[in-house]
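Please read the structure below before turning to the comments.
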Amino acid sequence: MQIELTDKEFRRLLDMVYIGNWILNSCRDDDRFEDYDALEEKLFSLCPERGMPSLSQRWRGHTYPSRAFEEGGIHEAIADYEDAVFYDILAEELARRDMDAEQVSQEDTEELNARMEEYFQEFEKNGIENVKVEP
């Protein structure tokens, strides 16, 4: 397979592959999806020939994203995603708790969404400052 990419498209592809691999493997310790690691390595090994040598580094015979790549804002993008997912999950879990419902029927979807919206407004205004866990 041959794919033609501009430098900008290649750079965006590196971001996407890194983010995807981070989501899949960052919490897996020794149980990593090695085929995703291999694909990430394959793409980052192309950086020097694409005129982007500062984005990859070699270590012990393997190619990895460089420190410059990792410190170039990619983790801020991941953190923004994690924050959004955190608040989405928290709002839905709290709304389900309030409704005393693990499963929500089609008829209850509107109520669930309304309760979630109340939590979103609270989180937007105060973050988690007012969230309390009682024994």
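Our estimate of slack between ALA84 and GLU41, defined as 0.36 nm per intervening residue step minus the Cα-Cα distance, is 12.6 nm. Taken about its Cα centre, the chain carries a charge dipole of roughly 1080 debye when the Cβ of each Lys and Arg holds +1 and the Cβ of each Asp and Glu holds -1.
At full extension, ALA114 and GLU129 could sit 3.3 nm farther apart than now, given 0.36 nm per residue minus the alpha carbon distance. Listed by Cβ neighbour count within 10 Å, with the fewest neighbours leading, MET116, MET1 appear as MET1, MET116. FRET efficiency for the GLN103 to ASP7 pair, using the beta carbon distance and R₀ = 41 Å, is estimated at 0.25. Computed from point charges on the beta carbon alone (+1 for Lys and Arg, -1 for Asp and Glu), the dipole magnitude for the stretch 7-65 about its Cα centre is near 300 Debye. Measuring gaps between exposed loop sites in the chain (trypsin sites (Lys or Arg not before Pro); DSSP loop; at most 15 other Cβ atoms within 10 Å), the longest gap, sites not included, is 61-131.
Only one residue of ALA114, ASN126, GLY51 has its Cα farthest out toward the positive end of the dipole of the chain, where Lys and Arg carry +1 and Asp and Glu -1 on Cβ, and that residue is GLY51. For the stretch 76-126, the percent of C-alpha pairs falling in each 10 Å distance bin, counted from 0 to the bin holding the largest distance, reads 26, 48, 22, 4. Taking Cβ atoms as reference points and 9 Å as the exclusive limit, the residues near ARG50 contribute a net charge of -1, counting Lys and Arg as +1 and Asp and Glu as -1.
Pairwise inverse Cα distances across the chain, averaged and inverted, put the Kirkwood hydrodynamic radius at 18.2 Å.
No lab work stands behind these numbers, since they all come straight from the coordinates. Since this is a predicted model, take the numbers as computed values, not measurements. Cβ sites come from the backbone with ideal geometry, for glycine too, and all protein chains shown count toward neighbours.
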